[in-house]
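Read through the structure below, which is laid out as structure tokens, and then see the notes.
The values are calculated or read from the model by the stated rules, or taken from the named source; none is laboratory data. Keep in mind it's a predicted model, so treat the numbers as computed, not measured. For neighbour counting, all protein chains shown are included, and Cβ atoms are generated from backbone atoms with ideal geometry for every residue, glycine included.
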Amino acid sequence: MLRVVKDIKIKPGMTVSELIEMMGGSGGFTALYVARAVEVLEKMIKDNDCIKFLSFIGAPIGTGLRGVISELIRRRLFNIVITTCGALDHDIARSLKEYYEGDFWMDDETLRKQGYYRLGCVLIPLENYGPTIEKFTQELLEEEYNKGLREVCSSDITYLIGLKLKDENSFLKNAAENNIPVFVPGILDGAVGTQIWLFQQKHRDFKLNLLRDFDKLSDVVFKAKRSGALMIGGGISKHHVLWWNQFKDGLDYAVYITTGYEYDGSLSGATVREAVSWGKVKPEAMKVTVHGDATIILPLIASALIKLE
């Protein structure tokens, strides 16, 4: 049945939820899918028999979006987090040092000479990143090694980091305090991973065993009646969610936020529709792909979801 396109009526004091509800009837363009995403996630969160995954890439943790992601975790709206090593790197660095506002059009050669990295519109002083992460990670591993720790998986590392960080905006701190496991399948691809390797060079009996992460994930996935996911960006974090859920015939709820487009065949551009053909999302699943910048879209979605509490 056809639905009439309705105009969005802006009024003083209106809530984000009211705005998104109007967007759902506006007929265009990304607004419609933002409203659909809220609808899917609301049903997923209210489903007590559903295991809820949150995945995201590293770059947003270098921005203010870290606070939104941390709040979703703090409120226990998700049961499992899957992310990248870059997210750990930025969470540690920002918990201990400062990042600064920049611009896409700044001259990168000049920035390098001045001692800054550029992450999109974010400037990171060199000393606030690598040396800070190195010192923190090496001290943490040495402390745990002296307590007798000899083998870890990625979710062990993220838990230990979360316990040590004091920043209330840290997503790892909020995950650790709420017993929400954070898995990093590509943990060696980043600063924290490099520090784990360097630590092992000095302590040859210290081991990184990623198969233990698989044991933990299998215990959850194989017992789940239903599962759902909010996936922010593509890459390994998105794929790991989809990969594990194929073992239970696919996700029952799926929301994907991306700036990628499927014409190049990339995973980041692949919509949740495509995942149906792989058995990673159920054909009858509530699903939507939202194209756009997560730093704009996620705060809107999160603001609407918080009203559920």
Query raised in the report: Only one of (1) modelled with pLDDT of 95 or more; (2) part of a helix (DSSP H, G or I); (3) charged (D, E, K, R) fails for GLU18. Which number is that?
Result: (1)
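Go through GLY115, GLY120, GLY186, GLY193 for me and flag whichever is of a type in the set (Gly, Ala, Ser), touching a strand residue (DSSP E or B) at 6+ places or on another chain (Cβ under 9 Å) and under 23 Å from SER70 (Cβ atoms).
Residue meeting the stated conditions: GLY193.
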Requested in this report: Would you mind listing the strands (runs of 3 or more DSSP E) fully within segment 207-309 where at least 1 residues are over 21 Å from THR83 (Cβ atoms), among the aliphatic types (A, V, I, L, M) and modelled with pLDDT of 95 or more?
Outcome: 281-291
Query raised in the report: What number goes with the only condition from (1) over 22 Å from ILE187 (Cα atoms); (2) out of contact with any Gly (no Cβ under 9 Å at 6 or more places or on another chain); (3) not β-branched (Val, Ile, Thr) that TYR33 does not pass?
Result: (2)
Query raised in the report: Just a yes or no: is a residue in segment 122-129 more than 23 Å from the chain's Cα centre (by Cα) and surrounded by fewer than 15 Cβ atoms within 10 Å (Cβ to Cβ)?
Result: yes
Report summary line: THR84 meets each of (1) of a type in the set (Val, Ile, Thr); (2) under 30 Å from ALA224 (Cα atoms); (3) more than 21 Å from the chain's Cα centre (by Cα) with one exception, condition (3)
Query raised in the report: What are the residue pairs meeting all of these: first residue in segment 279-293, first residue on the phi > 0 side of the Ramachandran plot, second residue surrounded by fewer than 16 Cβ atoms within 10 Å (Cβ to Cβ) and at pLDDT below 95, Cβ atoms under 6 Å, and 6 or more apart or on different chains?
Result: GLY292/THR30
Requested in this report: Output yes when any residue across segment 138-146 is surrounded by fewer than 20 Cβ atoms within 10 Å (Cβ to Cβ), part of a helix (DSSP H, G or I), touching a helix residue (DSSP H, G or I) at 6+ places or on another chain (Cβ under 7 Å) and modelled with pLDDT of 95 or more, and no when none is.
Outcome: yes
Report summary line: Scanning segment 1-47 residue by residue, those surrounded by fewer than 10 Cβ atoms within 10 Å (Cβ to Cβ) and within 20 Å of GLY228 (Cβ to Cβ) turn out to be LYS46
Query raised in the report: Has segment 51-63 got at least one residue that is free of Cβ contacts under 8 Å to residues at least 60 places away in the same chain, farther than 26 Å from HIS291 by Cβ, buried (at least 20 other Cβ atoms within 10 Å of the Cβ) and within 21 Å of the chain's Cα centre (by Cα)?
Result: no
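Would you mind stating whether TYR117 is hydroxyl-bearing (Ser, Thr, Tyr) and either buried (at least 20 other Cβ atoms within 10 Å of the Cβ) or in contact (Cβ under 8 Å) with a residue 40 or more places away in the chain (or both)? Walk me through it before giving the result.
Values: hydroxyl-bearing (Ser, Thr, Tyr): yes; either buried (at least 20 other Cβ atoms within 10 Å of the Cβ) or in contact (Cβ under 8 Å) with a residue 40 or more places away in the chain (or both): no.
No.
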Query raised in the report: Hey, among PHE171, PHE199, which residue is among the aromatic types (Phe, Trp, Tyr), out of contact with any Pro (no Cβ under 6 Å at 6 or more places or on another chain), touching a residue at least 40 places away in the same chain (Cβ under 8 Å) and under 22 Å from SER55 (Cβ atoms)?
Result: PHE171
Query raised in the report: For the subset of segment 238-271 comprising residues that are free of Cβ contacts under 8 Å to residues at least 24 places away in the same chain and either within 17 Å of ILE57 (Cα to Cα) or among the hydroxyl-bearing types (Ser, Thr, Tyr) (or both), which member is surrounded by the most Cβ atoms within 10 Å (Cβ to Cβ)?
Result: THR271
